[in-house]
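A short worksheet on the structure shown next.
Nothing in this text is a laboratory measurement; each read-out follows from the coordinates by a stated rule. Everything quoted here is computed from the prediction, not taken from an experiment. All Cβ positions, glycine included, derive from the backbone under ideal geometry; neighbour counts span all protein chains shown.
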């Protein structure tokens, strides 16, 4: 990418941004791989009791939900500590965490151990999903945040595609244990690279009162701080006194309960809930619904690849528009696109017309969730950003758990399978309505500081971040 594409002219910032986007994207690619690979091995586990013991479909569904529960827990934990200990530490710890969980899962010999390890792995996945949005928001240029966020979060559906393709091509050679062991690869490849190339956010350092460190990281990485530039930061660093977050300023989850953020946090959480309900509901049941609709099980992989591929391509295109006109209108629009495409999928259409609709449904479901993460990470200030993204990832995960349950209940009730599309379309309409009512982002501080905040950076670094 050239300077125009990056949205920043400083070569240090461009280089830093390239590394951060690459590391974060690969991290979420393996997160997506972890969340999807289980579904690819369920048929083997159901057929062969020698692997983990006798397994019923109900038990298999429960095992699948353990990872999602872990994701919810991990996201909320990351939100509780991420605004206090920093983005870099959360990223490094949880790259190792989920890699170890994946590796150990490949050696499990019974259902209890395997279920625990799925939950354990999900904690690391959730922490990373919740932290990456805050990281990108604080390194990307403001007018390109939605695009870079979409690039990074597209790693999740790309990981799902990778899991499906590897299961198709390599499962006979390496078995299900080999597929899980592959998910541990970031421990030896990605973690060392992140240790070397992933800096702490200078905006977070400044917000937490580590002014000297913030100025040094700003100078080294080219990431500008409020009220200065990387080059002037190095010149004035000797004159800057180390500040601290004002005593009355609430940090992390407490900030979400303030008058400024309480209502938006509720609505943004509901947006994420509906987005993830649609994402996991369709990823779980789309092949079965279409199979029962007469399209044949041989198309199941094609439908999933089209759904996820549409989410990747469409999400990137929509993110560019979101940077120009704002993410709120784009999210509402993509929810409407999801509702329309899902309703049209109930018609008896030829495959050539069906696949484009599935791709549009991918944009309106998985792609919408990518846009939501970008919207949320930009909505909150630095002192509450990790908590805000974590809340939406954690609370939204309840929708991710509920989506497969709703789809299963509808199919189990004996209703025509296409009725599930009408229900999911209704959920998308609800998501659009909720999005419209999110208040516009305020420029006022989340909590009034104990003393008046001086404007210049040299007078107190942390205070500037409230107006980021």
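Please rank 10, 48, fewest neighbouring Cβ atoms within 10 Å first, as an exposure proxy.
48, 10
Report the label-to-label distance for residue 422 and residue 177 in nanometres (one decimal), using points 7 Å from each Cα along the Cα→Cβ vector.
With each label point 7 Å from Cα toward Cβ, the separation is 4.9 nm.
In whole Å, what is the distance between the alpha-carbon centres of the range 171-226 and the range 260-338?
So the two Cα centres are separated by 27 Å.
Expected output is a single nm value to one decimal: the length gained when fully extending between residue 405 and residue 188, i.e. 0.36 nm times separation in residues minus the C-alpha distance. What is it?
The residue 405-residue 188 span can extend by a further 74.5 nm.
If a/c stays under 1.5 just call it rounded; otherwise compare a/b with b/c (prolate if a/b is bigger, oblate if not). Do that for the range 52-121, with a ≥ b ≥ c from the square roots of the Cα gyration tensor eigenvalues.
Details: a/c = 4.60, a/b = 2.03, b/c = 2.27.
Verdict is oblate for the range 52-121.
Neighbouring Cβ atoms within 10 Å as the yardstick, rank 119, 98 fewest first.
So the ranking, lowest neighbour count to highest, is 119, 98.
Full extension from residue 196 to residue 316: what is 0.36 nm times the residue separation minus their Cα-Cα distance, to one decimal in nm?
Roughly 40.4 nm would be gained on extension.
What does the C-alpha gyration tensor say about the overall shape of the range 47-90? Classify as rounded when a/c is under 1.5, otherwise prolate if a/b is larger than b/c, or oblate.
Because a/c hits 1.5 or more and a/b exceeds b/c, the range 47-90 counts as prolate.
Please compute the length gained on full extension between residue 329 and residue 22, using 0.36 nm multiplied by the number of residues separating them and subtracting their Cα-Cα distance.
107.7 nm
How would you rank 201-211, 415-425, 141-151, highest first, on the average number of other Cβ atoms within 10 Å across their residues?
Final packing ranking: 201-211, 141-151, 415-425.
Under 18 Å from a point 7 Å along the Cα-to-Cβ line of residue 48: which residues of the range 181-213 have their amide N that close?
Within reach of a label on residue 48: 181-183.
For the range 354-405, just say rounded, prolate or oblate: build the C-alpha gyration tensor, square-root its eigenvalues into a ≥ b ≥ c, call rounded for a/c under 1.5, and beyond that prolate if a/b exceeds b/c, oblate if not.
Here the range 354-405 falls in the oblate category.
Could you sort 288-294, 392-398 so that the peptide with the highest average Cβ count within 10 Å comes first and the rest follow in order?
Taking the mean over residues of other Cβ atoms within 10 Å, the ranking is 392-398, 288-294.
Quickly rank 79-88, 340-349 as a protection proxy: mean count of other C-beta atoms within 10 Å, highest first.
Highest to lowest by the protection proxy: 79-88, 340-349.
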